[in-house]
1. In region A:10-49, what count of residues is obtained for those that are outside any helix (DSSP H, G or I) and facing chain B (nearest Cβ under 10 Å)?
2. Collect the residues in region B:217-232 that are part of a loop (DSSP other than H, G, I, E, B) and either farther than 20 Å from B:L150 by Cβ or facing chain A (nearest Cβ under 9 Å) (or both), keeping them in residue-number order.
3. Could you check region A:65-175 for helices (runs of 4 or more DSSP H) lying wholly inside it with 3 or more residues that are within 29 Å of B:K141 (Cα to Cα)?
4. Select, from B:R97, B:R77, B:R60, B:R113, the only residue that is of a type in the set (D, E, K, R) and modelled with pLDDT of 95 or more.
5. Can you tell me which condition A:V14 does not meet? The list is (1) farther than 24 Å from B:I157 by Cβ; (2) modelled with pLDDT under 95, and all the others hold.
6. Kindly list, by first and then second residue, each pair from a residue in region B:25-43 that is over 17 Å from B:V72 (Cβ atoms) to a residue that is in a loop (DSSP other than H, G, I, E, B) and among the basic types (K, R), limited to pairs with Cβ atoms under 7 Å and residues at least 6 apart or on different chains.
7. Could you tell me whether any residue of region B:182-192 is over 19 Å from the mean Cα position of the chain (by Cα) and among the charged types (D, E, K, R)?
8. Looking at region B:243-255, which of its residues are assigned to a loop (DSSP other than H, G, I, E, B) and either aromatic (F, W, Y) or surrounded by fewer than 19 Cβ atoms within 10 Å (Cβ to Cβ) (or both)?
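The values are calculated or read from the model by the stated rules, or taken from the named source; none is laboratory data. None of the values given here were measured: they were computed from a predicted structure. In this analysis, Cβ positions are derived from the backbone assuming ideal geometry, glycine residues included, and neighbour counts consider all displayed protein chains.
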Amino acid sequence: MNHIDLGTVLRQTVSANLYSNLVTRPTGAAVRNQIELLMREAHERTLTVLDFSHVSMMDFSCADEVIAKLLLRYCAANPPHEAYFLFRGMTDDHWEAIETVLERHGLALAIEQEDGVHVVGVLSERERRAWEAVKRHGRAVAADLAGEMGETERDARSTLDALWRRRLVMRLNEQYVALGGERG
Amino acid sequence: MTTVINVPPSLDDQTFEQVLEQLAPVPIDEKILVDARHCRWASPYGLTALLTLAQTRAERPAFAAPEGEETVGYWARTDFFKYADELYELHGAVPKRTGGDSRVLLEVTPVTRSEDVHEVVERIQQKAQQIIATELSLDAKATVGFAMTLSEVCQNIVEHAGRGGWVAVQAYTWKKRLGRRVVQIAVCDAGIGFRNSLEGAPGRVRDDRWDDGAALEAAVIRGVSRFRDPGRGQGLSGVRRYCGRWEGKLSIRSGTARIALVPKWDEDVPLEEDLSPFPGAQVQVTIPERTAAKE
């Protein structure tokens with residue numbers, strides 16, 4: 001698991017190293033490029049924690065450049081590699097901009113909070129049920145989850161694959177794995 | 001020949017139109033004297049627009065500073081003269097800036113590059129927290145949105161204007177129109193303006209009505225951007241939402257038109273056209289004190 005402190009990346013990216021706010025498109029693009037550079041050293045399948053703990057605030061333009069474009073690139077049909085993201089340290093001070101860009105692009109992401117990992121953004125009810133089911137199990141095959149999801153095994157697999165393509169759950173062969181650690 | 005342009009006693013976004021009406025018939029290369037001797041008060045919009053005005057002239061204009069000691073002292077504390085000195089031939093007694101002023105959240109500051117926006121946002125945060133929570137009685141959440149709003153309107157210059165502009169933020173009691181404390185952001189530039197910026201927008205439908213008013217409606221109401229990137233246009237939408245949530249007012253003037261998102265407490269018109277021409281874009285955001293009745 002990679003850990004990227006966005007506060008550190010920000011200070012390495014902008015010319016003055018005292019800034020703590022993720023603002024402006026050029027800064028967002030530079031931070032995203034740096035994240036991708038750090039991820040390039042990773043293996044074929046990676047889980048990267050993007051840590052906002054040392055970022056005071058983020059504006060809409062920067063959220064679009066850092067979060068939306070990163071997710072769009074790695075959730076696309078031909079991503080550079082199989083990358084998953086877990087967002088840590090997000091507060092209300094970041095949330096408004098993030099929520100806006102997720103809605104704009106129809107994206108969702110997994111955030112780690114004190115009480116565990118949650119999924120936020122644009123998800124259908126089926127996707128949300130499936131995501132919760134995987135979270136409860138930590139790791140399971142479609143047949144084990146279908147009942148909880150209220151779907152046939154075939155439909156459950158289809159929904160779970162959609163979540164996998166959105167990089168909201170991992171898929172290891174036939175198993176679907178929750179982001180942020182397995183239960184127990 | 002020098003044409004005298006009189007600055008009204010109270011200079012804000014509305015009365016600045018009187019300045020532009022006087023300026024309209026004067027050729028761009030003709031010498032002007034901007035006479036602010038009798039000006040007693042200026043909003044951040046007024047101050048930044050005066051600097052922008054100088055940028056639009058081919059011949060370096062002259063500027064007669066306010067005669068009132070308090071007025072000229074306040075303008076000095078906003079750093080107005082620091083930049084006016086570079087753009088105008090200054091006339092009259094201009095004091096050196098001594099100390100700060102609690103009403104000035106952000107002195108008149110040039111914005112040209114992305115780094116300038118970082119600087120502005122970092123500087124505003126601490127003061128904004130105090131003003132917004134304490135003086136305007138708004139929820140602490142409004143502080144973050146305020147900084148985001150400031151960032152987005154400043155970026156409008158960096159991304160679209162094609163040349164540098166100015167930002168200033170002040171808090172004051174707006175007796176004339178509201179009778180409440182307000183905090184006001186003004187961002188003015190003399191760049192290409194909304195219409196020119198959007199003329200290169202992908203998929204723009206050419207119809208009979210394409211003018212400054214139509215361009216402002218497209219950008220502010222429909223979130224149209226000149227960039228093909230679908231993530232563009234979110235900044236101004238965010239500013240609109242912020243103003244809506246906190247009963248604020250957003251007004252943007254560009255070219256010969258001015259669009260406003262008008263809250264209940266104001267009687268402005270949503271769209272004003274056929275104004276005197278002025279290059280670039282002039283943005284004003286006003287966030288009022290929360291009244292007891294609202295709580």
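1. Within region A:10-49, residues that are outside any helix (DSSP H, G or I) and facing chain B (nearest Cβ under 10 Å) number 10.
2. Residues satisfying the conditions are B:R222, B:V224, B:R226, B:F227, B:R228, B:D229, B:P230, B:G231, B:R232.
3. A:69-74, A:92-105
4. B:R60
5. (1)
6. B:I28/B:R57; B:I32/B:R57
7. Keep residues of region B:182-192 that are over 19 Å from the mean Cα position of the chain (by Cα), which gives none.
No, every residue in region B:182-192 fails to be over 19 Å from the mean Cα position of the chain (by Cα) and among the charged types (D, E, K, R).
8. B:W246, B:E247
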